[in-house]
Amino acid sequence: MKKFVTIVQRNMILGLAMLASLPVQASLIIDDFNFLPYDLVNHPMMPTLIANQVDPNQYASSSTGNILGGERDISVNMTQQLGQYAQTVVKNGWFGGYNMPMLSIGLDWTGEFSYLLQYDGADGSANRNGGAGLNLNAALAGDVLQLGYFRQLIHNNNLDGDADPSGNTTWDVSLIDNNGQVSTVSQTIVGNSLGGLNLLNFNFSQFESNNSLFDISHVSVIEVASTIMAMGPGTSWIELTGIGIGGDVYTQTNAPNNNNPQSLTNSVPEPGALALLGIALAAMRIRRKNA
């Protein structure tokens, strides 16, 4: 009986190890805007950014293990003052009906503001760092970059001169590879959204088609930007819930040969799979000694 139990347990351990090694739907969190107020050492809160006619340009960094590359850099600039008063407030916190971590952007009265979220490694600067950046093999992480948002209410009375109806915001995602090649894809949140978990999808095929020299498998900088106009009276706002990469593993179509892209057949196993495999092998050694 002892030998039978040992064989069953060994087969179970091997089965779990093989299951853990099977390919799964790819995913990677770039930034979930998370911090814990009672644990500011490990999850520091980003300073509140306030830009207006007195201080039009603001910048802050937030370093935490929840952010890809270790740091989120945010810059805010007031690009136009369209009345006697204009102000924007950007803060990181737990908001919304679900009390979930978000990046909250509020705009008061009449002004135009530009926002830039940047992920390029822990350099403490809003200036683009194309050196020791993320070194992200994006083609192995999924096939779509996703920007999540919870609520949006933008007042501009369609006075910004474009063809979009009142309430729209357009978000530009720029990916920069290790050789400085840039590709930008834009998506628009149409109209007012007063609740729910929503996603803007930026397909990697679009980034490759925009720039034939762009190497999607070696991304060193990620930038998320928007220019938003508020016309008041009252406060406009939008709440972002996170940035990530999801979907199936993406097959690279560009072949720039400037970074020797990693082959998909040589992908590194998930850390969780490696850990389970190590535990399985250790358990087998222990069982063999006790048999």
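The values are calculated or read from the model by the stated rules, or taken from the named source; none is laboratory data. As the structure is a computational prediction, the values presented were derived from the model and not from experiment. Quick reminder, even Gly has a Cβ in these numbers, built from the backbone with ideal geometry, and neighbours come from all protein chains shown. Surface accessibility is based on the protein's heavy atoms, side chains included, excluding ligands, DNA and RNA. Shrake-Rupley method; radii C 1.70, N 1.55, O 1.52, S 1.80 Å.
For region 212-252, the solvent-accessible area works out to 27 Å² per residue, with a probe of 1.4 Å and every protein chain left in place.
Please calculate how many Å² of accessible area region 102-147 carries per residue, with a 1.4 Å probe and no DNA, RNA or ligand atoms counted.
That works out to 31 Å² for each residue.
Within the shell of other residues whose beta carbon sits under 11 angstrom from the beta carbon of Arg128, the net charge comes to -4, with Lys and Arg scored +1 and Asp and Glu -1. Taking a spot 7 Å from the Cα of Leu213 along the direction of its beta carbon, which residues of region 170-187 have an amide N less than 19 Å from it? Label zone hits: 174-185.
Between Leu28 and Tyr85, the simple label model (points 7 Å from Cα in the Cβ direction) yields a spacing of 4.5 nm.
Show me the ranking of peptides 187-194, 82-89, 173-180 by mean Cβ neighbours inside 10 Å, starting with the highest. Provide the component values of the computation, followed by the final result.
Numbers: 187-194: 14.8, 82-89: 17.4, 173-180: 20.2.
Put in order of decreasing packing, that is 173-180, 82-89, 187-194.
For a paramagnetic label modelled on Val54 (point 7 Å from Cα along Cα→Cβ), amide N atoms under 19 Å away belong, within region 77-95, to 77-91.
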